[in-house]
Amino acid sequence: TQLLEQSPQFLSIQEGENLTVYCNSSSVFSSLQWYRQEPGEGPVLLVTVVTGGEVKKLKRLTFQFGDARKDSSLHITAAQPGDTGLYLCAAGTGGFKTIFGAGTRLFVKA
Amino acid sequence: GAGVSQSPRYKVAKRGQDVALRCDPISGHVSLFWYQQALGQGPEFLTYFQNEAQLDKSGLPSDRFFAERPEGSVSTLKIQRTQQEDSAVYLCASSSPGIGSYNEQFFGPGTRLTVL
């Protein structure tokens, strides 16, 4: 069974702090997505990583795909209250099924 | 709007009732996914359509769950004889062939189902 394990499950920080959240698996994936979900809404795609070792930046967010394409991380620099939300990683299983991690719930206090 | 829409946004059902949840995908999107999201969890895959063909229904939890997309556009997820454990948010997502190879999906706001 392919699983995506995310850590930490919950993170509460002050505005301006840096943080990293992780998405780990024992399986190799051809691509991995990060989404952010706010209460009462569906997930919104942030980025897709494809190549092992790839690093992508989206303003204050930095995404990395592990060399072996089994894990990924999301680093946020100088977090802001607007970054509050549930961060989900997701990957295709080679067929049509998509699996999601349980998510990291981030709360940034002003 | 050009996004994925779902209706109703909220549904309360008595145990044993049948419910139907609707998804309007982004126009032209070939792929359509249904997910179930329990409180505090990530979305769990239910089923996948490519146009009108249901190519994967491995995530449907029981034969009480049925999904259709008869004309390759709007999709309906039907739950018969609802049980309390069916209470969850049901998310629909669509994807176009060009970006679907990277599994990038656009989600609707979800339908929150509460079974009393």
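Nothing in this text is a laboratory measurement; each read-out follows from the coordinates by a stated rule. Quantities reported herein were computed from a predicted structural model and do not represent experimental measurements. Here the Cβ positions follow ideal geometry from the backbone for every residue, glycine too, while neighbour counts run over all protein chains shown.
Here are a few things to note about the model shown:
- All other residues whose Cβ lies under 12 angstrom from that of A:Ile76 are scored, Lys and Arg at +1 and Asp and Glu at -1, for a net of +1.
- Convex hull of the protein assembly as shown built on C-alpha atoms - directionally averaged projected area, nm²: 12.3 nm²
- Part-to-part distance (alpha-carbon centres) for the range A:47-110 and the range B:1-78, which is given in Å: 25 Å
- Entry note, the protein assembly as shown: the mean residue ellipticity at 222 nm calculated from DSSP H runs of n ≥ 4, each adding -39500 (n - 2.57), is 0 deg cm²/dmol after division by the residues and rounding to the nearest 500.
- Sorted peptide list for B:22-35, B:66-79, criterion being average Cβ within 10 angstrom, highest first: B:22-35, B:66-79
- Of the beta bridges in chain A, as assigned by DSSP with both residues counted there, near 85 percent are antiparallel.
- Residue-averaged beta-carbon neighbours from other chains (10 angstrom radius) around B:83-93: 1
- Relative intensity, log₁₀ I(q)/I(0), of chain B from a Debye sum that treats every alpha carbon as a point, q = 0.14, 0.16 Å⁻¹: -0.51, -0.67
- The lysine pair count for the range A:5-109, using Cα distances under 22 Å and pairs eight or more places apart or on different chains, is 4.
- When you restrict to C-alpha pairs under 8 Å that are six or more residues apart and normalise by the size of chain B, the relative contact order lands at 37 percent.
- Each Cα pair under 8 Å and six or more residues apart adds its sequence gap; the mean of these over the residue count of chain A is a relative contact order of 36 percent.
- Our summary gives the range A:3-55 a relative contact order of 28 percent, counting only alpha carbon pairs under 8 angstrom and 6 or more residues apart.
- Computed as a quarter of the hull surface, the mean projected area of the alpha carbon convex hull for chain A stands at 6.5 nm².
- Counting Cβ atoms of other protein chains within 10 Å of each residue's Cβ and taking the mean over peptide A:97-104 gives 6.
- Averaged over the residues of peptide B:36-46, the number of Cβ atoms from other protein chains lying within 10 Å of each residue's Cβ is 5.
- Under-5 Å amide H pairs with A:Thr84, H placed in peptide plane, nonlocal only: A:Val108
- Vicinal HN-Hα couplings computed from phi for the range B:81-93 (Karplus, 6.51 cos²θ - 1.76 cosθ + 1.60; Hz; Gly/Pro x): 6, 4, 10, 4, 6, 7, 4, 4, 9, 9, 9, 10, 9
- Using the Cβ-Cβ distance between A:Val44 and B:Asp18 with R0 = 45 Å, the FRET efficiency computed as 1/(1 + (r/R0)^6) comes to roughly 0.90.
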